[in-house]
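S.K.: Got a structure for you, written out below as structure tokens; questions coming shortly.
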Amino acid sequence: MIVYMPIKTISESNQGGISRPAGIFKSKRIKRQRSETFYGLLDAWGQCRLSLPLIIIITRVSPRALDTDNLATSLKHIQDGVADWLCGKYGKGQDRQEGLCWEYTQQRGKPGERAVMVTIHHLTQPYGLRVLWA
């Protein structure tokens, strides 16, 4: 299962400023990313009927790559939106529950292309040679 959503993500680690306007913009960006993810998955796949364990791969599509720690912070609110979709209610998802394995990747997009792809696999499906749980 793969869904492509045109959501712009940025590294939250590199956003400076503690001013009130900076906090307001950040708050709106967080809410927009989380809600667009939740409602995008709802539109694409409907209500979640998946059982755990799941492997969820979130891919950032952008012209420029981020290093690994910035990649994780840029996709945090997307992860929250996916967790909301999994539980069936916006704002109520738990992304750290047992049975969920989160993986972040990125790929180069065309100039100006910014998006997120969410891929979900059941653990019982073949998924390469990686060891995900020890």
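The values are calculated or read from the model by the stated rules, or taken from the named source; none is laboratory data. As the structure is a computational prediction, the values presented were derived from the model and not from experiment. In this analysis, Cβ positions are derived from the backbone assuming ideal geometry, glycine residues included, and neighbour counts consider all displayed protein chains. Ligands, DNA and RNA are stripped out before the accessible areas are found, and what is left, the full protein with its side chains, is counted by its heavy atoms. Shrake-Rupley method; radii C 1.70, N 1.55, O 1.52, S 1.80 Å.
S.K.: Just to confirm, what accessible area per residue do you get for the stretch 18-108 at 1.4 Å probe, in whole Å²?
M.R.: Result: 57 Å² of accessible area for each residue.
S.K.: Tally up the carbon and sulfur contribution to the accessible surface of the chain as a whole percent, 1.4 Å probe, everything protein left in place.
M.R.: Its accessible area is 54 percent carbon and sulfur atoms.
S.K.: If you don't mind, another one. What does DSSP give for the chain in terms of the percent of beta bridges that are antiparallel, rounded to the nearest 5?
M.R.: Bridges in the chain that DSSP calls antiparallel: roughly 55 percent.
S.K.: Using the Cβ atoms and a cut-off under 14 Å, what net charge is assigned to the surroundings of Gly23, where Lys and Arg are +1 and Asp and Glu are -1?
M.R.: Counting the neighbours of Gly23, the net charge comes to +4.
S.K.: Measure nothing but the geometry: give the 0 to 90° angle between the long axis through the Cα atoms of 20-45 and the longest principal axis through the Cα atoms of the chain, rounded to 10°.
M.R.: The angle comes out at about 30 degrees.
S.K.: Ordered by residue, what ³J(HN,Hα) values in Hz, to whole numbers, does the stretch 90-102 give under the Karplus form 6.51 cos²θ - 1.76 cosθ + 1.60, where θ = phi - 60° and Gly and Pro are x?
M.R.: Computed from phi, the couplings for the stretch 90-102 are 4, x, 10, x, 10, 7, 10, 6, 5, x, 10, 10, 9 Hz.
S.K.: Given Cβ point charges of +1 (Lys, Arg) and -1 (Asp, Glu) and nothing else, what value in debye, to the nearest 20, does the dipole of the chain about its Cα centre take?
M.R.: Here the chain has a charge dipole of around 500 debye.
S.K.: Determine the relative contact order of the chain: mean sequence separation of Cα pairs under 8 Å and six or more apart, normalised by residue count, in whole percent.
M.R.: 39
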